[in-house]
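The structure appears below as structure tokens.
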Amino acid sequence: EVVQTWTELLERHLARTCPPDEAHRKALRWGAAFSTEYRASSSPAEAAADLGVIEAMEADDRLLDVRLSNRPMNGSADTQDFTWLNVYVRGDGLVLSDFMPILEHLGLRVLSMRPFDATDEQGGARIYVFSVQDREQRQIDLDARGELLKEAILAVAAGDAADDGLNALVLTAGLRWRQVDIL
């Protein structure tokens, strides 16, 4: 494993879930599409999860998607007090001054953000990796609130829901964005 390139490790990881020729094709494309910074900070397993989202976005012609995880940082076994929020954007980049209020109104504290490119001549996306906490400075309970939070972020970003402080009820009370919108 020490002598293999990041792309070879990605291919090996992809071969666990798809046929070897498809894993090879994907690894060649995405190994080159992921930026150097991304490859330095992300494991091949994390890249496989990210490219699954990006490929689904391309197939469905979606411009925005979100993935939440409570994975350890850089393969460490240590737990953390924050949640990773990956925002995938195809086309124009994310305007942070427009997006940050969405997160804050949902009751999230943003600790950091790192942008990464995962693009090539065929497409791809830009990945914005946020580390976030709830208002009590804890990790988000993804089993209880993960899907609700994802739906709310996408609804507000699309303009389907209002962007205001009531959206914090998604995390604090476990309401769906449509329920909050009715309030």
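The values are calculated or read from the model by the stated rules, or taken from the named source; none is laboratory data. The model shown is predicted, which means the values in this text are computed figures rather than measured ones. Note that we place each Cβ from the backbone using ideal geometry, even for glycine, and neighbour counts take in every protein chain shown. Heads up: the accessible areas ignore ligands, DNA and RNA and are worked out on the full protein's heavy atoms, side chains in. Shrake-Rupley method; radii C 1.70, N 1.55, O 1.52, S 1.80 Å.
Note on the chain: GNM, Cα springs under 10 Å; of GLN122, GLN137, GLN80, the largest mean-square fluctuation is that of GLN122. Rg/Rh for the range 1-140 stands at 0.98; both radii use Cα atoms, and Rh follows the Kirkwood definition.
Taking the square roots of five times each eigenvalue of the Cα gyration tensor of the range 95-135, the equivalent ellipsoid has semi-axes of 25, 11, 7 Å, listed largest first.
Taking only protein heavy atoms and a 1.4 Å probe, what accessible area per residue, in Å², does the range 98-148 have with all protein chains in place?
50 Å²
Karplus-derived 3J(HN,Hα) values for the range 63-70, using 6.51 cos²θ - 1.76 cosθ + 1.60 with θ = phi - 60°, are 9, 9, 8, 9, 9, 10, 8, 10 Hz; glycine and proline are entered as x. The GluC sites (Glu not before Pro) of the range 48-123 that DSSP puts in a loop, and whose beta carbon has at most 11 other beta carbons within 10 Å, are GLU121. Here the 3J(HN,Hα) profile of the range 161-168, calculated from phi with Karplus coefficients 6.51, -1.76 and 1.60 at θ = phi - 60°, is 10, 5, 10, 8, x, 5, 4, 4 Hz, Gly and Pro shown as x. With an a/c value of 1.5 or above and a/b larger than b/c for the gyration tensor axes a ≥ b ≥ c computed over the alpha-carbon atoms, the range 16-56 is described as prolate.
Mean separation of Cα pairs under 8 Å and 6 or more residues apart, divided by the residue count, gives the chain a relative contact order of 19 percent. Computed about the Cα centre, the dipole magnitude for the range 69-183 is approximately 180 debye when only Lys and Arg (+1) and Asp and Glu (-1) carry charge, each at its Cβ.
Carbon and sulfur together cover what percent of the accessible area of the chain at a 1.4 Å probe radius? After summing per-atom areas, the C and S share lands at 50 percent.
Here the Karplus relation 6.51 cos²θ - 1.76 cosθ + 1.60, evaluated at θ = phi - 60°, turns the backbone of the range 141-148 into coupling constants of 6, 5, 5, 8, 10, x, 5, 4 Hz, with x for every Gly and Pro.
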